Amino acid sequence: MNIILFGPPGAGKGTQAKKLVDFYGIPQISTGDILRANVREGTELGLAAKAYMDKGELVPDEVLIGIIKNRLQEPDCEKGFILDGYPRTVPQADALAVILDEIDKPIDVVLNLQVPDEELVKRISGRLMCSKCGASYNKTFSPSKKEGICDICGGEIYQRADDKEDAVQNRLKVYKKQTQPLIDYYSKQGILVTLDGTKDINEVFKDIKAVLAKFA
Ligand code: AP5
Ligand code: MG
């Protein structure tokens, strides 16, 4: 199953991707996570990406296309993959089509999680992440059992630099301008399914599984 999880920042792409990994045993490819790992490790890529990410701007297309091309050819993608946070621009989507054509792995479905802006801002400003395993928490909706400590791995929990107010507003603007046009792009291809992302996390997952039942 080859899936794109699509939606604005805070729509729940990462949250649902993790549940899909557990359920279907196919990998999550989150370009945000890949970039953040590079920032943490201080790689050349991470240093170049950090300035864009902290402001809530997109990292240049060429960088992302290179990352995705390599990642999709790794053996764990053989049975399928979940793209989370890629593509985010029309050139990225065009490049993806070429890559997937070469390896003969067409996208089955684009799951578009729809959530209004006020709810997105609420979710993002409350989000906390584990610095070790990447698990996601929310101060209001799903806090960790022990404050500041990850339930899963005991790692330290922190707030992403781009989850601060200014960067969040800019990420929403960037989404509308550069990423939202992909709704039309995939809708024209007949592979876009829009879901109500405002429901409870497990309800959204149930809806996703109902859509994916056709492809399993
Ligand atoms: P990225 O890491 O992809 O961030 P994003 O798209 O802004 O998305 P988020 O991770 O903020 O939201 P999400 O949809 O995953 O929501 P989550 O599940 O965490 O990208 C970061 C940056 O990297 C970009 O700004 C850019 O600079 C760069 N980048 C990445 N990819 C790129 C690309 N392709 N091209 C160029 N640049 C790129 O949920 C959010 C919160 O809500 C959590 O606290 C969660 O617990 C809670 N929540 C989730 N679902 C629900 C629910 N149903 N009800 C209540 N709360 C919920
Ligand atoms: Mg995410």
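No value in this document is a laboratory result; all are computed from the given coordinates. All values reported here derive from a predicted model rather than from experimental measurement. Heads up, the Cβs are rebuilt from the backbone with ideal geometry, glycines too, and the neighbour counts pull from every protein chain shown.
Quick notes on this structure:
- Legend note: in the chain, cysteines whose Cβ sits 4.7 Å or more from every other cysteine Cβ are C77.
- As a proxy for reagent exposure, V121, V204 were ordered by neighbouring Cβ count within 10 angstrom, fewest first; the result is V121, V204.
- Taking the square roots of five times each eigenvalue of the Cα gyration tensor of the stretch 114-216, the equivalent ellipsoid has semi-axes of 28, 20, 12 Å, listed largest first.
- Candidate aspartates and glutamates - alpha carbon under 13 Å from K122, same-chain residues fewer than 8 apart omitted: D163, E165
- Near the amide H of G7, within less than 5 Å, lie the amide hydrogens of L113, all on another chain or at least 5 residues away, with H placed in the peptide plane.
- Hydrodynamic radius of the stretch 31-76 per Kirkwood, over alpha carbon pairs, in Å: 10.9
- Which of F23, F6 has the fewest Cβ neighbours within 10 Å, and the rest in rising order: F23, F6
- Cα centroid of the stretch 164-216 to Cα centroid of the stretch 92-134, whole Å: 7
- Along the axis of the charge dipole computed for the chain (Cβ charges of +1 for Lys and Arg, -1 for Asp and Glu, origin at the Cα centre), the listed residues M1, L35, C153 are led at the positive end by C153.
- Selection from I103, I82, C133, by position along the positive dipole direction of the stretch 82-164 (Cβ): C133
- Amide H partners (placed H, <5 Å) of R127, local residues excluded: K139
- Two-decimal Rg to Rh for the stretch 1-88 - Kirkwood Rh, Cα set: 0.96
- Anisotropy class of the chain from Cα gyration tensor, a/c 1.5 cut: rounded
- Taking amide H atoms as placed 1.01 Å from N in the peptide plane, the amide H of I29 lies under 5 Å from those of I82, L83, D84, each 5 or more residues away in sequence or on another chain.
- Residues L64, L45, sorted so that the one with the fewest Cβ neighbours within 10 Å comes first: L45, L64
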